[in-house]
1. Can residue 89 be described as touching a helix residue (DSSP H, G or I) at 6+ places or on another chain (Cβ under 9 Å) and among the hydroxyl-bearing types (Ser, Thr, Tyr)?
2. Out of the residues in the stretch 264-283 meeting the condition of being open to solvent by less than 20 Å² (accessible area, probe 1.4 Å) and more than 16 Å from residue 181 (Cβ to Cβ), tell me which one is nearest to the chain's Cα centre (by Cα).
3. For the condition modelled with pLDDT of 95 or more and over 21 Å from the mean Cα position of the chain (by Cα), what is the one hit in 148, 178?
4. Within the set of pairs 6 or more residues apart or between chains, which connect a residue that is under 16 Å from residue 28 (Cα atoms) and loosely packed, with under 14 Cβ neighbours inside 10 Å inside the stretch 206-222 to a residue that is among the aliphatic types (A, V, I, L, M) and at pLDDT 95 or above with Cβ atoms less than 8 Å apart?
5. Just the residues that are crowded, with 20+ Cβ neighbours inside 10 Å and either of a type in the set (Val, Ile, Thr) or not in a helix (DSSP H, G or I) (or both), please, taken from the stretch 242-254.
6. Does residue 16 qualify as being of a type in the set (D, E, K, R) and in contact (Cβ under 8 Å) with a residue 24 or more places away in the chain?
7. Within the stretch 98-117, can you find the residues that are among the acidic types (Asp, Glu) and over 17 Å from the mean Cα position of the chain (by Cα)?
8. Out of 202, 258, which single residue is within 17 Å of the chain's Cα centre (by Cα) and not aliphatic (A, V, I, L, M)?
Amino acid sequence: MEPGGSYYAATATPREPAAALAGDVSADVCVIGGGFTGLSAALRLAEHGARVVLLEAKTIGAGASGVNGGQMIPGFRHGAVDLVRRFGSGTARALIDLTVAARDRMAARVARDGIACDLRLTGHLSAASFPSDIADFAAEAAALDALGIGGVTVLDARGVGAHVASDAYFGGLHDTSGGHVHPLNYAIGLASAAQAAGVTIYEASAATGIAAGAAPIVTTAAGRVRAGQVVVACDALIDGLAFGTRRLSKRLMPVWSYTIATAPLGEARAAALLPTNAAVSDSKFALDYYRRSADHRLLFSGGERYTLAPLEDIAGFVRPHLARAFPALATVTIDHAWAGIVAVTTSRFPHVGRDGAVWWAHGYSGHGVLLAQASGHAVGDAIRGDTAAFDLLSRLPSRDWPGGAALRQPLYTAGMAYYAARDRLRRAPASVARATV
C-alpha cells in the first residue's frame, strides 16, 4: 500500500477553517502568512491592543510551519563559535537568548492554553557523522560555556548511544534546552490563541500585491486590507509578492525537504531507538534529522535533492537514509511520506527588515521552529516601538542569491552537489572510531 501524505495533517487538531476575505476591511496591521512568524507577530500585537488582520493563502500551517521536522533547536544555523567570531560575545549571547526566550514562551503558551501539540522538552542531539566533528563540538561547548550558556555536553561514540541506538555516529553534542513538537498542531493552537486575542484570520486569501506608502493596501483576489503597517511572513511561499521595486524573494532559495513516518513501532521499540526522546540531527551538509512521535513512530527526514521538480516516490527516496542510520528499520512499513518547502538564505541567517510601513522576516535555513517565532515576536515588538530584538536580527548579513531568476537555482544546485560530494569523501565507518575512543 502506498504511504499516505503528511502525518501531521492526518493527526491534526480538528478546526473550522476561517472564511476567505471578501470586500474591503481595515486594520492597524495586516499580517501576510499563517505560519509561526505571522502568527507570533499577530498574537504579540493583538495582545497589546492592535487591530490585526491575518491573510493566509491556504490554511493555517500550510507552509513550512506545518510540515517541518518539529525540532526545537535553540540558536542559529551558525554555532556559538561563529557568532562570537563574527559579532563578539555580547551580540552572540543576545542572539542565542532570542531563541531560548522563544522556547520559553512556546512552553508557557502550550501550558497556559492547553495546546495539544505533543511538546517534549527532551533535548536536542547533534550527531557526529565525521571524526573531525568531535573537536568542533568541543569548541562549540566551550564557546557556549564562555557565554554563560550551560546544559551542553560533548559525547564520545559510546556516550551518544545513551541517546540514539545507531552505529552511524562518532559522538555528539547534547543540548538539554532543545526538544520537539507536533508543528501543525502548535500552529493551530497559536491561531486559536490569536483569534481569542482579537486577530481576524482569513484563509484561502492569498495576497496578490502590496501598495506601499503611508497607508499600505494589501490586495487579494476578492478583497483589500487597508492597514497602517504590513508584515510579510511568507517564507519560501512568497512567490512574486512585491511592493514597489522590492522583491524579497531574491534573498530566498526555496528548498524541498522530505519526511517519512514509520508505522507505530510500539513504545518499547521506539524508546530503545531513542532512549531519552531527544530530537536528533546529524552533521552532514545535507543532513538527516529525526525524532519519536507521541504514538511511537519514527519521523525521519533525509536525502539530497537539489531541484524543485516534484518527487514521485518520497518514501523510496528517504528509506535508504533511514536504513543507514537504523539498519533494523530497512524494511519497516512507512505509513506517511510528505514534502515540505523551506527558505534558505545565502548567509544562513534569517532575513529580517523593513521598508517604511512594510516589515518582513523569513529565511530561517532549517531552524524555523524557534527562530520564526523569535523573529515574528521581534517584528511585533518593533511595530509597538520596542526595536531591541528587531535591530539585532535586522543587522545580520543578507544579500540576494547570485545569478538572477534564470541562474540562481542552477548555481545553488551546483553548490549543494559540491558539499554533498565533500561529505561522501569525508565519511568513514563509525566502527573504526569506536575502536579507538
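The values are calculated or read from the model by the stated rules, or taken from the named source; none is laboratory data. In this text the structure is predicted, and so the values were computed from the model without any measurement. In this analysis, Cβ positions are derived from the backbone assuming ideal geometry, glycine residues included, and neighbour counts consider all displayed protein chains. In case anyone asks, the SASA skips ligands and DNA or RNA and just uses the protein heavy atoms, side chains included. Shrake-Rupley method; radii C 1.70, N 1.55, O 1.52, S 1.80 Å.
1. So residue 89 fits the description; yes.
2. Step one: filter the stretch 264-283 for residues open to solvent by less than 20 Å² (accessible area, probe 1.4 Å), giving 270, 274, 278-282.
Next, from what is left, pick out any that are more than 16 Å from residue 181 (Cβ to Cβ): 270, 282.
Details: 270: 24, 282: 16 Å.
Residue satisfying both the conditions and the ranking: 282.
3. After ruling out the rest, the residue left standing is 148.
4. 213/357; 214/357; 215/227; 215/357
5. 243, 252, 253 - these are the residues of the stretch 242-254 that are crowded, with 20+ Cβ neighbours inside 10 Å and either of a type in the set (Val, Ile, Thr) or not in a helix (DSSP H, G or I) (or both).
6. Considered against the rule, which asks whether it is of a type in the set (D, E, K, R) and in contact (Cβ under 8 Å) with a residue 24 or more places away in the chain, residue 16 comes out as no.
7. Hit for the stretch 98-117 is 113, nothing else.
8. None of the other options fit; the residue is 258.
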